[in-house]
Amino acid sequence: MDFLQLLEMFFSGIWGTIKLFTVALIGALVLGTILAGMRVSPTPVLRIAASTYINVVRNTPLTLVMFFCAFGLPFLDIRFGATSSFNSFIYATLALTAYTACFVAETLKSGISTIPVGQAEAARAVGLTFGQTLSQVILPQAFRTVIPPLGSVIIALLKNTSIASAFNNRELISAMRNAIEVRGDLVIPLLFGTALAYLILALILGRVFDYLERKLVILR
Amino acid sequence: MSAPTQVLFDEPGPKARRNNIILSIVSAVVLAGLIAFVIWKFADAGQLDSAKWYPFSFSQIQLVLLKGMGATLKVAVVASVLALVVGVVFALLRLSSKKVISVPGTIVLEFFRGVPVLLLIFAMFLIFGNTIGAFWSVVIGLTLYNGMVLAEIIRAGILAVPKGQREAAMAIGLRPGQVMSLVLMPQALRAMMPTIIAQIVVLLKDSALGFIVTYQDLLYQVNLIGREYNNLLPTFLVGAVLFIIINMIVAGIARWLEKRLQRKSTAPVGAEGLSAQTAA
Amino acid sequence: MKKLRLSIASVAIGLLALSGCGQGGTPDAPAEGDGAQAEAPEYTVNDSADFKDSKTWKAAKDAGELKVGVKYDQPGLGNVKAGSEQPEGFDIEIAKMVAAQLGFSPDQIKYTETVSANREPFLQQGNIDMVVATYTINDERKKVVDFAGPYYVAGQDLLVAADSDIAGPDDLAGKKVCSVDGSTPAQNIEEKYKKAELVAYDTYSKCVTDLQSGSVDAVTTDDAILRGYAKQYEGEFKVVGQPFTEEPYGVGLPKGDDAMREAVNDALQKGMDDGDWKKAFEYSLGSADDVEMPKIDRY
């Protein structure tokens, strides 16, 4: 296997990582926001459900969460699409979403608690319902205050996509393993190449968040 | 819960309370239905057969699981202690006023912080694994990654200490090393304790990756039992429960420590802050 | 505080219950290989063995310990049971047989677990003396390590449900086939049977779990490994029995130690000639009547 083939392998690996990351990111932001909303909601049952979910999933290693998605869901006849690679992709993104959403929710909740009490009081005073208070007054501000910690959660998500390699997903780590299997003599360069690819992706993300921080963050 | 969550909505009136009760009952029914569905499906697939579960009633299998749990905890404890040391060292390197020290420190930190811990463990194992063994491959991999994350946390903590503190310490004639070790570092560690412990919980969870490099931890044994008795799913369930228990204990300790530290936050900090560090 | 004490107490009780109420002994694993009842073969240790020309052998002799890399997760070939420390299987028997010829008794062998990715690095680092771990001889690998043997020629085959109508690799079009990510069998499927859909996990046990739940139609790897699984899941799975590749298993050795390679080749040849090889095979994998002994390739 020559250099070009290895490079091609790596690029398809990077593409796989980006796909996993992007879909899971959207899912985690949506589910995380919903969970955060549930945790501060007026309905006790929603609060309990959200905090139980967060406590259990957050304390389970991602490998196990992914295992239950990949091997538990088929037993429940929950399958997606005809091809197993697409199926595995969905299982992995479900696991990443379910796991990362907990951290998004926790981060958002700490953001919510930094919003001055007067804001919510004012919102209620002008007659906004809970949903309106949350979605129009509290959350937009909370999101802005938590951009830096949210950035670390999201960069952690990028790195966590590596776990999907053990569950029939084509991404950087699986590309590296495949390459090592055929080119055992290149172990160290292959390891460094993979590390470099992750660093570049993380660096780009870091830049995006620096930009968002400068543009949006409200200092308190 | 804290005040802001309560001001988000009005005190529930009689109608809202009734709705809450109805909603609770409905959710309970839905949840029960969901659990019943899962159990029915698993039973249908033969995953709940006694043959799949009876190995767990044998003391040898339980012992294997306990041994795996012990191995996981051992990795987590050693790596936590080392990661804290590395964290303090790299926080100091980055804060150094000399560029020759701070720039390389930053580069190394960003490198190890930017790659997946799985890759680090794997790299340690493939490059040095033969000499240092699986245990140290996992420990060093976890230490490098989490140490760098902790360094950033500690650095943020040190920067957050009011400037007057450093100036006052200098004014009474402390040397820079003393200013750091007696004044700034204890306060930084104390202020950042909840975040530090949260990171240690992350480390603990990541220690589950040891099985990939043949370290005989909880998941390794779970894989082994699952392979031998053809009960991968039940064994993983047992493993997950054990993991959740360990992590909840650590999270409980974290909450307790946080409360304790909050209560004492006005008291003078000295060696005590450091003892809290080793306790973590 | 109170809550914490409570949770610690409940965990302690849980652990007590876990360790206290166990039945003694081990649960019987479902249908072990035939060999389980047979007597473990013993190999005569050649005490007068002397291979001073080989620096690997000399270093091992001086240390009184031969370090062998084997697999711990392949039933029938190299496998460790729950709660046991010792690996067992055909690879292990071959290692013992070769070690005996080199003058090492079974208790002088120190086993190290290898996974597919670390076989070359471990041999290159030189802290391991040989690898007997379902290690297929091929030209890419020969650039990095030396091979003695082959001691067995496996072939890639398929493990399917007992009632499956898959009769060979040509029936795989549109079917889902599971193997271990990055392994040679997985690469074969991707390159030669493009119509089949590859599912790749990190362990074969996940593949087998998927085969049970019907998520995949077949598991593919070397027949020797599949034979172990078919035995363990008798009545549920079967091996198709149409091997479509040749995978010569070799003993991996550090590059450049020709004296060692010669010595191991001689040891393997002697084992095949005097019946030790057959004993090893029958003890771990079942009847050797229809199995051909490979011809040693002294390249």
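Quick notes
- Helices (runs of 4 or more DSSP H) (entirely within the stretch A:1-104) containing at least 1 residues that are out of contact with any helix residue (DSSP H, G or I) (no Cβ under 7 Å at 6 or more places or on another chain): A:3-39, A:44-58
- Test: residue C:62 is within 13 Å of another protein chain (Cβ to nearest Cβ) and either under 18 Å from the mean Cα position of the chain (by Cα) or more than 15 Å from residue C:253 (Cα to Cα) (or both): no
- Subset of the stretch A:204-220 [modelled with pLDDT of 90 or more and exposed (fewer than 13 other Cβ atoms within 10 Å of the Cβ)]: A:204, A:207, A:208, A:211
- Scan of the stretch C:87-113 for residues that are on the phi > 0 side of the Ramachandran plot and surrounded by fewer than 24 Cβ atoms within 10 Å (Cβ to Cβ), ordered by number: C:103
- Under the condition of being touching a Leu at 6+ places or on another chain (Cβ under 7 Å) and under 26 Å from residue B:210 (Cβ atoms), the residues counted in the stretch A:50-71 number 4.
- Residues that are under 27 Å from residue B:212 (Cα atoms) and in a strand (DSSP E or B), drawn from the stretch C:161-182: C:176, C:177, C:178, C:179, C:180
- Failed condition for residue C:171, given (1) within 14 Å of chain A (Cβ to nearest Cβ); (2) charged (D, E, K, R); (3) under 21 Å from residue C:243 (Cβ atoms): (1)
- Reported count of residues in the stretch B:115-140, each being more than 10 Å from every other protein chain (Cβ to nearest Cβ) and farther than 23 Å from residue A:185 by Cβ, is 5.
- Candidate set from the stretch C:262-299 (those that are farther than 16 Å from residue C:137 by Cβ and hydroxyl-bearing (Ser, Thr, Tyr)); member that is surrounded by the most Cβ atoms within 10 Å (Cβ to Cβ): C:284
- Residues in the stretch A:82-92 include at least one that is more than 8 Å from every other protein chain (Cβ to nearest Cβ) and buried (at least 24 other Cβ atoms within 10 Å of the Cβ).
- Checked against (1) closer than 21 Å to residue B:50 by Cβ; (2) surrounded by 20 or more Cβ atoms within 10 Å (Cβ to Cβ); (3) within 11 Å of chain A (Cβ to nearest Cβ), residue B:212 passes all but condition (1).
- Matching option when the condition is within 22 Å of residue C:39 (Cβ to Cβ) and among the acidic types (Asp, Glu), among C:276, C:257, C:266: C:276
- Count of residues meeting criterion [within 14 Å of chain B (Cβ to nearest Cβ) and either surrounded by fewer than 22 Cβ atoms within 10 Å (Cβ to Cβ) or not hydrophobic (A, V, I, L, M, F, W, C) (or both)] in the stretch C:65-79: 10
- Among the criteria (1) free of Cβ contacts under 8 Å to residues at least 40 places away in the same chain; (2) assigned to a helix (DSSP H, G or I), the one residue B:97 does not fulfil is (2).
- Flag for residue A:171 being acidic (Asp, Glu) and surrounded by 23 or more Cβ atoms within 10 Å (Cβ to Cβ): yes
- The test for being in a helix (DSSP H, G or I), within 17 Å of residue A:59 (Cα to Cα), modelled with pLDDT under 85 and of a type in the set (Lys, Arg) holds for residue B:255.
- Residue match in the stretch A:176-192 (condition: modelled with pLDDT of 90 or more, surrounded by 17 or more Cβ atoms within 10 Å (Cβ to Cβ) and of a type in the set (Gly, Ala, Ser)): no
- None of A:70, A:120 is touching a strand residue (DSSP E or B) at 6+ places or on another chain (Cβ under 6 Å), touching a residue at least 12 places away in the same chain (Cβ under 8 Å) and within 11 Å of chain B (Cβ to nearest Cβ) except A:70.
- Residue C:205 passes every criterion in (1) in a loop (DSSP other than H, G, I, E, B); (2) in contact (Cβ under 8 Å) with a residue 60 or more places away in the chain apart from (1).
- Qualifying residue in the stretch C:116-129 (condition: crowded, with 21+ Cβ neighbours inside 10 Å and away from chain A (no Cβ under 14 Å)): yes
The values are calculated or read from the model by the stated rules, or taken from the named source; none is laboratory data. Quantities reported herein were computed from a predicted structural model and do not represent experimental measurements. When we count neighbours, we look across all protein chains shown, and the Cβ atoms used for this are built from the backbone with ideal geometry, even at glycine.
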